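Asks: Before I ask anything, let me first share the structure, which is written out below as structure tokens.
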2 protein chains.
Amino acid sequence: MKRVRIQQTVLSHNATTADALRQHFAERRLLVLNLLSSPGSGKTSLLERTAVALRDRLRMAVIEGDLQTDRDAERVRRAGVPAVQINTAGGCHLSAEMIQEVLPQLDLTGLDVLFIENVGNLVCPAEFDLGEDATVLLISVTEGDDKPGKYPPAFLKADVVVLNKADLIPHTNFEPQRFLDDLSRIKGDLPVLTLSCTRGQGLEAWFDWLQARIRLKKEGRRA
Amino acid sequence: MKRVRIQQTVLSHNATTADALRQHFAERRLLVLNLLSSPGSGKTSLLERTAVALRDRLRMAVIEGDLQTDRDAERVRRAGVPAVQINTAGGCHLSAEMIQEVLPQLDLTGLDVLFIENVGNLVCPAEFDLGEDATVLLISVTEGDDKPGKYPPAFLKADVVVLNKADLIPHTNFEPQRFLDDLSRIKGDLPVLTLSCTRGQGLEAWFDWLQARIRLKKEGRRA
């Protein structure tokens with residue numbers, strides 16, 4: 001009971017900071033996306049692909065969350081994108097306070113979208129609002145088609161699912177229809193974009209989704 | 001600072017319960033293994049393979065940890081193994097108290113090994129001792145060869161690494177040597193067993209490791 005109360009206090013404090021961040025982003029009409037997934041589902045690969053393909057069409061920046069190393073920030077910087085690395089030193093998720101703390105390191109002027117790549121963890125990050133407009137949940141087909149039912153909080157928080165590594169479907173026992181059926185029991189109207197970052201397949205639907213969100217945000221509507 | 005103290009209290013309480021469990025298991029000379037991995041790395045598949053292949057050579061039981069559903073317990077039961085499902089209702093790891101609570105549901109008489117399949121999460125479960133003799137860390141090659149450096153606590157806790165889905169290496173950019181080099185910077189002497197549960201390849205080394213541990217435990221030596 002005591003732990004529940006402590007957790008509620010932490011979440012309530014986080015929500016206050018997240019609301020302040022959301023206001024800050026809204027004033028700039030800057031779209032902010034929270035990327036959630038298990039370790040190694042392809043969050044950084046998606047950012048690299050997006051950076052290269054849309055180089056002439058949009059300006060992006062990235063906040064990277066990892067327990068250790070600045071490998072992911074280095075990867076997106078090599079793709080030509082400004083990036084700030086947060087090391088949680090063992091912490092299992094990013095918090096709104098961490099975002100607030102590193103934000104001064106980024107120049108938001110003229111940016112179209114800020115991606116926040118969360119710590120690789122399909123559980124804890126789902127509880128923490130970071131002031132984002134939307135949550136992008138990545139699942140790789142190699143994780144199995146049974147994940148929606150087993151990890152409901154992440155799917156409930158998500159606004160879109162990116163089903164990555166689709167090129168590996170023929171080599172696994174992943175059945176797309178079983179995944180969709182399972183998902184429909186958790187959140188039936190959640191759009192699913194099936195693609196492969198390594199092969200560069202199916203990315204157009206993701207680029208379209210992203211650019212539509214940016215347009216909505218620039219028009220001052222809820223993105 | 002306050003959160004750090006709370007966390008230390010939780011961990012200290014968990015350690016006390018874990019020690020009691022370890023004593024309980026030691027009196028029965030029962031080997032207990034804590035299975036850790038990201039979601040979908042193949043923990044349940046490894047248990048299914050082990051149950052079927054070693055059916056005539058050892059007696060096992062399983063405690064399954066998941067946020068929701070009893071799918072994993074059902075899977076191992078179908079492989080002929082007694083299983084108890086813990087649903088954490090959103091909780092990101094198993095605790096020693098949860099194990100203590102469900103233990104009366106299992107008949108430990110004559111068992112050779114008790115597997116505890118933790119919640120799919122490469123971060124939080126690494127902090128919680130469950131009274132196990134050893135931790136088996138599963139990584140699937142599709143998660144990428146950069147995981148040791150990015151998730152040190154799980155690798156530091158592990159006693160053996162099962163590198164699963166090796167059949168998919170030709171279809172990914174996973175480089176075994178890069179993985180081993182990264183691992184050597186975290187814990188150089190950690191044994192790595194490379195295998196494929198779905199193809200049934202490389203499993204003998206895992207069976208040998210497991211049976212050697214069971215023998216040690218039965219002899220009353222530190223398994």
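Asks: Can you give me the long-range amide H partners of A:Val162? Hydrogens built in the peptide plane at 1.01 Å from N, cutoff under 5 Å, separation of 5 or more residues or another chain.
Replies: HN-HN under 5 Å from A:Val162: A:Leu137, A:Leu138, A:Ile139, A:Leu193.
Asks: Here's a follow-up. Which value in deg cm²/dmol, rounded to the nearest 500, describes the helix-derived mean residue ellipticity at 222 nm for chain A, given -39,500 (n - 2.57) per DSSP H run of n ≥ 4 and division by the residue count?
Replies: For chain A, the value works out to -12500 deg cm²/dmol.
Asks: Right, something else. Just to confirm my understanding: which cysteines in chain B have no other cysteine beta carbon less than 4.7 Å from their beta carbon?
Replies: Flagged as lacking a Cys partner: B:Cys197.
Asks: A follow-up question, please. For the range A:125-223, what is the percent of antiparallel DSSP beta bridges, rounded to the nearest 5?
Replies: Of the beta bridges lying entirely in the range A:125-223, close to 10 percent run antiparallel.
Asks: What order, most packed first, do the peptides A:125-132, B:138-145 have when packing is the mean number of other Cβ atoms within 10 Å of each residue?
Replies: B:138-145, A:125-132
Asks: Continuing with the same structure: Over the range B:160-200, what relative contact order in percent results from Cα pairs under 8 Å that are six or more residues apart?
Replies: Across the range B:160-200, relative contact order equals 73 percent.
Asks: While we're here: Give the distance, in whole Å, between the Cα centre of the range A:74-110 and the Cα centre of the range B:6-51.
Replies: 34
Asks: For B:Asp70, go 7 angstrom from Cα along the Cα-to-Cβ vector, then report the distances to that same point in the other copies in nm, smallest first.
Replies: Its label point is 5.0 nm from the equivalent points in the other copies.
Asks: Where does each of A:32-39, B:187-194 land if you order them by average Cβ count within 10 Å, highest first?
Replies: By packing density, highest mean first, the sequence is A:32-39, B:187-194.
Asks: Looking only at other chains, what is the average number of their beta-carbon atoms within 10 angstrom of each beta-carbon in A:92-103?
Replies: Mean inter-chain Cβ contacts per residue within 10 Å come to 1.
Asks: Give me, ordered by chain and number, the residues 5 or more places off A:Leu35 or on other chains with an amide H under 5 Å from its own placed amide H.
Replies: A:Ile116, A:Glu117, A:Asn118, A:Val136
Asks: Ignore the peptide's own chain and count Cβ atoms of other chains within 10 Å of each Cβ in B:56-69; give me the average, rounded.
Replies: Mean inter-chain Cβ contacts per residue within 10 Å come to 2.
Asks: Counting only other chains, and only Cβ atoms inside 10 Å, what mean value do you get across the residues of B:38-50?
Replies: The shielding value for this peptide is 4.
Asks: Determine the sum of side-chain charges near B:Leu193: Lys and Arg each +1, Asp and Glu each -1, restricted to other residues whose C-beta is under 10 angstrom from that of B:Leu193.
Replies: Net charge in that neighbourhood comes out at -2.
Asks: Also, quick follow-up: Find the centroid of the Cα atoms in the range B:141-210 and in the range A:54-73, then give the distance between the two in whole Å.
Replies: So the two Cα centres are separated by 27 Å.
Asks: Shifting gears a bit: Can you tell me what share of the DSSP beta bridges in the protein assembly as shown is antiparallel? A percent to the nearest 5 is fine.
Replies: Restricted to the protein assembly as shown, the bridges split so that about 5 percent are antiparallel.
Asks: In Å², what does the accessible area per residue of the range A:18-154 work out to with a 1.4 Å probe?
Replies: 32
Asks: Further, regarding this structure: Given a 1.4 Å probe and heavy atoms of the protein chains only, how would you sort B:Thr109, A:Thr172, largest accessible area at the top?
Replies: Per-residue accessible area, sorted high to low, gives B:Thr109, A:Thr172.
Asks: So the label point sits 7 Å from Cα along the Cα-to-Cβ vector; using that for A:Gly200, what distances do you get to the other copies, in nanometres, sorted shortest first?
Replies: From this label point to the equivalent ones elsewhere in the assembly: 4.0 nm.
Asks: Please report the net charge: other residues with Cβ closer than 12 Å to the Cβ of A:Trp209, K and R +1, D and E -1.
Replies: Spelling it out: positives minus negatives among the neighbours equals -1.
Asks: So, one more: Can you give me the relative contact order of the range A:50-166 as a percent, contacts being Cα pairs under 8 Å and 6 or more apart?
Replies: Averaging sequence separation for qualifying contacts and normalising by length gives 25 percent for the range A:50-166.
Asks: Can you flag which of B:Lys43/B:Lys157; A:Lys43/A:Lys147; A:Lys43/A:Lys165; B:Lys157/B:Lys218 are past 19 Å Cα-Cα?
Replies: The answer is B:Lys157/B:Lys218.
Asks: Explain nothing, just the number: relative contact order of chain B, from Cα pairs under 8 Å at least 6 residues apart, as a whole percent.
Replies: RCO, chain B: 24 percent.
Asks: Roll a 1.4 angstrom probe over the protein heavy atoms and tell me the percent of accessible area of the protein assembly as shown that is carbon or sulfur.
Replies: Reported share for carbon and sulfur atoms: 48 percent.
Asks: Taking the Cβ of B:Ile169 as the center, what net charge do the other residues with Cβ under 13 Å away carry, scoring Lys and Arg +1 and Asp and Glu -1?
Replies: Taking every other residue near B:Ile169 into account, the sum is -1.
Asks: While we're looking at this one, here's another question. Looking only at chain A, where both bridge partners belong to it, what percent of the DSSP beta bridges are antiparallel (to the nearest 5)?
Replies: 5
Asks: Each label point is 7 Å from the Cα along the Cα-to-Cβ direction; what then is the distance between the points at B:Val10 and A:Arg78, in nm?
Replies: Here the modelled spin labels are 3.6 nm apart.
The values are calculated or read from the model by the stated rules, or taken from the named source; none is laboratory data. Remember, it's a predicted structure, so these values are computed and weren't measured experimentally. Here the Cβ is made from the backbone with ideal geometry for all residues, glycine too, and neighbour counts use every protein chain on show. We work out accessible area using only protein heavy atoms, side chains counted, and drop any ligands, DNA or RNA first. Shrake-Rupley method; radii C 1.70, N 1.55, O 1.52, S 1.80 Å.
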